[in-house]
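Student: Here you go, one structure.
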Amino acid sequence: MDVLDYINAGRDRFIADLREWLAIPSISGDPRYAGDVRRSAEWLAAHLKAQGFPTVEVWETPGLPAVFAEWPAEDPGAPAVVVYGHHDVQPVEPLSEWDTDPFTPVEKDGRLIARGASDDKGQVFFHTLGIRAGLATSGRQAPPVTIKLLVEGEEESGSVHFPDLLRTHRDRLACDAIVISDTTMWAADVPSMCTGMRGLTEAELTLRGPSSDLHSGSFGGAVPNPLHAMAAMLAALHDADGRVTLPGFYDGVVPLTAEERELFARLPFDEAAWLRTAGDSRAAYGEKGYTTLERVWARPTAEINGMWGGHTGPGGKTIVPREAHAKISFRLVAGQDPIKVQDAFKEWVAANTPVGVEAEVSVPGGGVRPCFSPIGSPGVQAARRAMGRAFGTEVLFTREGGSGPEADLADILGAPLVFVAVGLDDDRIHAANEKVEIALLLKGAETSAYLWEELADALR
């Protein structure tokens, strides 16, 4: 029996087990479901023990638990690989938008519909079938690399305790590569690997002028207007080529290679169709010299998310307002640090605040750091070969606009990232009627079965 035969033979049991796990409402962002998140961790731990993992533990945090499982390689000198995913899920409201109960998984038209089907229980789970398939068809009693599963319980609520969990267990998690199965492919018939995720930092800017609103006939044009100052400052945040004007903003940004640009260009991207998904936007826009995909995936941005002040109610009110406010966010790419961008923004505001206006910048926290995985790295190339074997075609590359705890994983564990995932953009993650394509989960399992041999050779 080969890998594909094994996976097809185990398909029904695999789906039945996944449905049982999906039925647990492990919503980490709602305290009412804390017990269910724990039940989800305990279910997974019991399942992994039954699958043959010699070591399985539920790791506690000050919040919600993670699951750790380890299967040592036959060869003590073999590389070690951490596989990261998460077992918590997003809230399901509004329930009225779901066609079926979000925690009663339904199989329909080759899809499994339930909260967490794609993000991320389904994509964690395909590794369990893949590992079994690889062992059964190779005759081994243990995998060719040491496999360490780390399945978090707080990803959907910000991974607040995750960095400390990694530091606490750094020795147990020592590895040569980190496989991330929490992203998407380009399309079901265009397999691809993510090689980077943008980070994020935010700021709120307040400008204050007079101590109270003033009559614009008596004072307009004679004292600073905070809204005028805000409009001028925000307009100056970009230059004529769409580049962000903060000093040092692009310092250290990892540039796109010619190979990456060529591979991005080979993706079947329909810009007109994409614009329709972008709220029927009328034109593409952004930094000069880059394509739309390059701007979304690999270039940093500054966006004005909100702007208010003065009179916004019905009718006229001719005033010089005392305050103006704006919310700004920065999407960051490899080579940028959220704290440095926050500091650069504060310095830029101070340098551009006109006389007679007082500026205040507040930031909500440390932000989310970007992550990056070079396409030429041994781990990425090994995973590309495994995925190509499973899908029977060339695997292309993408990046993604959002981010999670991947940067913490890479930095704290000191190992490169490798993204192996089979979700799709239309899986409706975080939305009603979340689904996953069962055929793609099985392709994920097949990829996983081949992956460990490929990594064993590539990481030595």
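The values are calculated or read from the model by the stated rules, or taken from the named source; none is laboratory data. Remember, it's a predicted structure, so these values are computed and weren't measured experimentally. When we count neighbours, we look across all protein chains shown, and the Cβ atoms used for this are built from the backbone with ideal geometry, even at glycine. Side chains included, ligands, DNA and RNA excluded: accessible areas come from the protein's heavy atoms. Shrake-Rupley method; radii C 1.70, N 1.55, O 1.52, S 1.80 Å.
Student: P(r) for the stretch 209-287: what percent of alpha-carbon pairs falls in each 5 Å bin, starting at zero?
Tutor: 3, 10, 11, 12, 14, 14, 10, 9, 6, 5, 4, 3, 0
Student: Nearest 10 degrees, 0 to 90: what angle lies between the long axis of helix 438-458 and the longest principal axis of the chain (Cα atoms)?
Tutor: Tilt of helix 438-458: around 80 degrees.
Student: Within the chain, how many lysine pairs that are 8 or more places apart, or on different chains, have C-alpha atoms less than 22 Å apart?
Tutor: 12
Student: Also: At what distance in nm do the modelled label points of Leu234 and Val190 sit from each other, each positioned 7 Å from its Cα along Cα→Cβ?
Tutor: Result: 3.4 nm between the two label points.
Student: Sort largest first and round to whole Å: the equivalent ellipsoid semi-axes of the stretch 326-381, each the square root of five times a Cα gyration tensor eigenvalue.
Tutor: Numbers: eigenvalues 235, 22, 11 Å².
Taking √(5λ) for each Cα gyration eigenvalue gives 34, 11, 8 Å.
Student: Further question on the same structure: Ignoring ligands, DNA and RNA, what percent of the accessible area of the stretch 136-218 is carbon or sulfur (1.4 Å)? Numbers along the way, then the final one.
Tutor: Working: 1310 of 3060 Å².
Exposed carbon and sulfur together represent 43 percent of the surface.
Student: Another question, if that's okay. Would you please classify the overall shape of the stretch 42-169 from the alpha carbon gyration tensor, given that a ≥ b ≥ c denote the square roots of the eigenvalues, rounded means a/c under 1.5, and beyond that prolate means a/b larger than b/c while oblate covers the rest? Kindly include the intermediate steps, with their values, before the conclusion.
Tutor: On the way: a/c = 2.79, a/b = 1.39, b/c = 2.00.
Cα axes put the stretch 42-169 in the oblate bin.
Student: Sticking with this structure for a sec: In the calculated pair distance distribution of the stretch 170-225, what percentage of Cα-Cα distances lie above 15 Å?
Tutor: Working: 1148 of 1540 pairs.
More than 15 Å apart: 75 percent of the Cα pairs in the stretch 170-225.
Student: Note the angle between two axes, namely the Cα long axis of helix 121-138 and the longest principal axis of the Cα atoms of the chain, as a number of degrees from 0 to 90, rounded to the nearest 10.
Tutor: Between helix and principal axis, roughly 30 degrees.
Student: Once a ≥ b ≥ c are taken as the square roots of the eigenvalues of the Cα gyration tensor of the stretch 10-66, is the result rounded (a/c under 1.5), prolate (a/b larger than b/c) or oblate (a/b not larger than b/c)? Could the numbers behind the result be given before it?
Tutor: Values: a/c = 3.94, a/b = 1.37, b/c = 2.87.
The shape class here is oblate.
Student: So what's the Cα pair-distance distribution over the stretch 363-460, bin width 5 Å, in %?
Tutor: Result, from short to long distances: 2, 11, 17, 20, 20, 16, 8, 3, 1, 0 percent.
Student: While we're looking at this one, here's another question. Determine the sum of side-chain charges near Gly335: Lys and Arg each +1, Asp and Glu each -1, restricted to other residues whose C-beta is under 12 angstrom from that of Gly335. Intermediate results must be reported in sequence, preceding the final value.
Tutor: Details: positive: Arg198, Arg299, Lys340, Arg369; negative: Asp251, Asp337.
Taking every other residue near Gly335 into account, the sum is +2.
Student: log₁₀ I(q)/I(0) of the chain at q = 0.09, 0.10 Å⁻¹, via Debye over equal Cα point scatterers, no solvent, to two decimals?
Tutor: One equal scatterer on each Cα of the chain leads to -0.65, -0.78.
Student: Cα convex hull of the stretch 313-422: how many Å³ per residue? Kindly include the intermediate steps, with their values, before the conclusion.
Tutor: Values: hull volume 20.4 nm³, N = 110.
Given the Cα convex hull of the stretch 313-422, per-residue volume reads 185 Å³.
Student: Here is a follow-up. With a ≥ b ≥ c taken as the square roots of the eigenvalues of the C-alpha gyration tensor of the stretch 133-260, please select rounded if a/c is under 1.5 and otherwise prolate if a/b is larger than b/c or oblate if it is not?
Tutor: Working: a/c = 3.69, a/b = 2.48, b/c = 1.49.
The shape class here is prolate.
Student: Can you work out the accessible area per residue across the chain, with the rest of the protein chains kept in place, probe 1.4 Å, in square angstrom?
Tutor: Working: 19610 Å² over 460 residues.
With all protein chains present, the chain gives 43 Å² per residue.
Student: What value, in deg cm²/dmol to 500, does the helix sum -39500 (n - 2.57) over DSSP H runs of n ≥ 4 give at 222 nm once divided by the residues of the chain?
Tutor: That calculation yields -10000 deg cm²/dmol at 222 nm.
Student: 7 Å from Cα along Cα→Cβ at both Asp270 and Thr104: what's the point-to-point distance in nm?
Tutor: For Asp270 paired with Thr104, the spin-label model returns 3.6 nm.
Student: Put Arg276, Arg389 in order of accessible area, largest first, 1.4 Å probe: what do you get? Provide the component values of the computation, followed by the final result.
Tutor: Numbers: Arg276 145, Arg389 115 Å².
The residues order as Arg276, Arg389, largest area first.
Student: Which of the peptides 393-399, 198-204, 302-308 is most tightly packed, and how do the rest follow, going by the mean number of other Cβ atoms within 10 Å of each residue? Mind showing how you got there, number by number?
Tutor: Numbers: 393-399: 19.1, 198-204: 21.0, 302-308: 13.4.
Ranking the peptides 393-399, 198-204, 302-308 by packing returns 198-204, 393-399, 302-308.
Student: Of all the accessible heavy-atom surface of the stretch 288-399, with the other protein chains kept in place and a 1.4 Å probe, what percent is carbon and sulfur? Write out the running numbers ahead of the final one.
Tutor: Values: 2690 of 5210 Å².
Here it works out to 52 percent.
Student: Sorting Thr184, Thr312 by accessible area (1.4 Å probe), largest first, what list results?
Tutor: Details: Thr184 25, Thr312 115 Å².
If we order Thr184, Thr312 from most to least accessible, we get Thr312, Thr184.
Student: Among 215-228, 25-38, 5-18, how do they line up by average Cβ neighbours within 10 Å per residue, starting with the highest? Spell out each step's value before the answer.
Tutor: Numbers: 215-228: 14.7, 25-38: 18.4, 5-18: 16.6.
Going from most to least packed, we get 25-38, 5-18, 215-228.
Student: So, one more: Using mean Cβ contacts within 10 Å as the protection proxy, how do 338-345, 267-274 order, highest first?
Tutor: On the way: 338-345: 18.8, 267-274: 10.9.
Per-residue Cβ counts within 10 Å, averaged per peptide and sorted highest first, yield 338-345, 267-274.
Student: Here's a follow-up. Any chance you could give the angle, 0 to 90 degrees and rounded to 10, that helix 378-391 forms with the longest Cα principal axis of the chain?
Tutor: It is inclined by approximately 70 degrees.
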